[in-house]
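For reference, the structure discussed in these notes is given below.
The values are calculated or read from the model by the stated rules, or taken from the named source; none is laboratory data. Computed from a predicted model, the values in this text were never measured in an experiment. Cβ coordinates were reconstructed from backbone atoms using ideal geometry, including for glycine residues, and neighbour counts include every protein chain displayed. For accessibility, only protein heavy atoms count, side chains too; no ligands or nucleic acids. Shrake-Rupley method; radii C 1.70, N 1.55, O 1.52, S 1.80 Å.
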Amino acid sequence: MSGSNLLFKVSPGGHLKGEIRVAGDKSISHRSIMLGSLANGVTEISGFLEGDDSLATLNAFRAMGVKIEGPTDGHVIVHGVGLHGLRAPQGVLDLGNSGTSMRLLSGLLSGQAFDVAMSGDDSLNSRPMTRISVPLGTMGAVVEGSDAGTPPLKVKGGQPLKGIHYKMPMASAQVKSSLLLAGLYAEGETCVIEPAPTRDHTERMLQGFGYEVRVDGRTACLSGGGELQATRIDVPADISSAAFFMVGAVIAPDSDVTLLHVGINPTRIGVVNILRQMGGDIELQNERVVGGEPVADIRVRSSQLRGIQIPEEQVPLAIDEFPALFVAAACAEGQTVLSGAEELRVKETDRIEVMADGLKALGVDVSPTADGMVINGGEIGGGCVDSGGDHRIAMSFAMAAMRATGEVKIADCANVNTSFPGFVALARGAGLQITSENGE
Ligand code: S3P
């Protein structure tokens, strides 16, 4: 996990070729463990992401008495205990780097009979939690953090919950999901209204477990008191992990890759929309629906990109892909402008600042703004960048090296394992000249 000095070294040049299956979807993997644990019966999961983040969720449910077999090659068997079958864990739940674990669990644990304490690494312990503790409090839950509203969190058990109708101030799937999971335990109806569409995996998966969720435009509602029935889940490859290869392939001359079995849920497809608008050659093939989620193979070829003003409605649909998209913008002809993306400042790092610093270190002309970035495309130089322990920033700069004029060294890369174990080997197999080592 973070704190280690894993260093990536990437030689300039090269291109990406071949058929690649990237790691399983992180968001769907988290939810498969959560809902599988709360269901009646045995849930079988394939394609599960064996990354530190989703394993943190898995270990949390084991600590609460759920028998979970695996993961073995992405295969997990969860012996559900029903909505009221969890037991108090011994000690604090350590959720590492995973914001999704902490925020979704806060809602789910608000409905239990026992108290739970949760903590994480330095990054997670500095992320804002009042966005969930305040609305959960309105439902009757007691979720307490530091005076600054950050973890460690204590969730008090035995609180009767009441459904609420909540208009979210920011577009956040984690907040929406946290409230819907608390709503399973609440009296009456819980409705969450979002300012813009965000990933809807929780709503889809609840329905897959036989729980009624009523979705009408930007409002999702459910009523407490139902039950979840175990099911099978096939986790598609993560479009957020595929995004690094999409950007790598469009920016590196002579590239032609096909990313297999990737989730293309319309609430996650912003990276494809934005790259296409920049001139990226991206083809969706074999579109199909697997277990309630749309999936496709995505063929990406080298393209001459041009700078654009990124449409604000695409921002929540590409929220995790901006580190990679900034690299694409640095390789485009002309200026790219992002605005309306202040949420990037409260991710695993402040992704506006850390990406701007890294791009500047490589000689790219960028100006961070309060809610985005202005990037003037041009030459990328070699040099050293610091990922700040942010998995997505590390992988984005690794791809940038293909267009750099010299070697790119990236510091603090161990957290790539939170979302994409095996990234280095997969990327090397596809043509990226990358090595990793324990640096000083
Ligand atoms: C996630 C929601 C997003 C995203 C995160 C995963 C989820 O966070 O950035 O990586 O699985 O619900 P926000 O809800 O904070 O936008």
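Within 16 Å of the ligand (Cβ to nearest atom) and either surrounded by fewer than 19 Cβ atoms within 10 Å (Cβ to Cβ) or assigned to a helix (DSSP H, G or I) (or both), is that true of Leu49? No; evaluated as a whole, the condition is false for this residue. When restricted to residues that are within 16 Å of the ligand (Cβ to nearest atom) and more than 30 Å from Ser101 (Cα to Cα), segment 8-31 contains 0. Of the helices (runs of 4 or more DSSP H) lying entirely inside segment 117-215, the ones with 2 or more residues being β-branched (Val, Ile, Thr) and within 16 Å of the ligand (Cβ to nearest atom) are found at 130-138. Arg103 passes every criterion in (1) in a loop (DSSP other than H, G, I, E, B); (2) of a type in the set (Lys, Arg); (3) within 16 Å of the ligand (Cβ to nearest atom) apart from (1).
Within segment 97-154, which residues are of a type in the set (Val, Ile, Thr) and either surrounded by fewer than 24 Cβ atoms within 10 Å (Cβ to Cβ) or more than 18 Å from Arg345 (Cβ to Cβ) (or both)? Step through it out loud before you land on a result.
Our first condition is that a residue be of a type in the set (Val, Ile, Thr); within segment 97-154, this holds for 100, 116, 130, 132, 134, 138, 142-143, 150.
Thr100, Val116, Thr130, Val134, Thr138, Val142, Val143, Thr150 - these are the residues of segment 97-154 that are of a type in the set (Val, Ile, Thr) and either surrounded by fewer than 24 Cβ atoms within 10 Å (Cβ to Cβ) or more than 18 Å from Arg345 (Cβ to Cβ) (or both).
Exactly one residue out of Ser387, Ser436 is of a type in the set (Ser, Thr, Tyr), within 24 Å of Ser11 (Cβ to Cβ) and free of Cβ contacts under 8 Å to residues at least 60 places away in the same chain: that is Ser387.
Mind checking whether some residue in segment 71-93 is among the polar types (S, T, N, Q), over 27 Å from Gly226 (Cα atoms) and outside any loop (DSSP other than H, G, I, E, B)? Yes, segment 71-93 contains a residue that is among the polar types (S, T, N, Q), over 27 Å from Gly226 (Cα atoms) and outside any loop (DSSP other than H, G, I, E, B). Does Pro197 satisfy the criteria of being open to solvent by 30 Å² or more (accessible area, probe 1.4 Å), assigned by TED's automatic domain parsing to the domain that holds Gly80 and either of a type outside the set (Val, Ile, Thr) or closer than 28 Å to Lys167 by Cα (or both)? In short, yes. Would a scan of segment 336-346 turn up a residue that is in contact (Cβ under 8 Å) with a residue 40 or more places away in the chain and away from the ligand (no atom under 14 Å from the Cβ)? Yes - at least one qualifying residue is present in segment 336-346.
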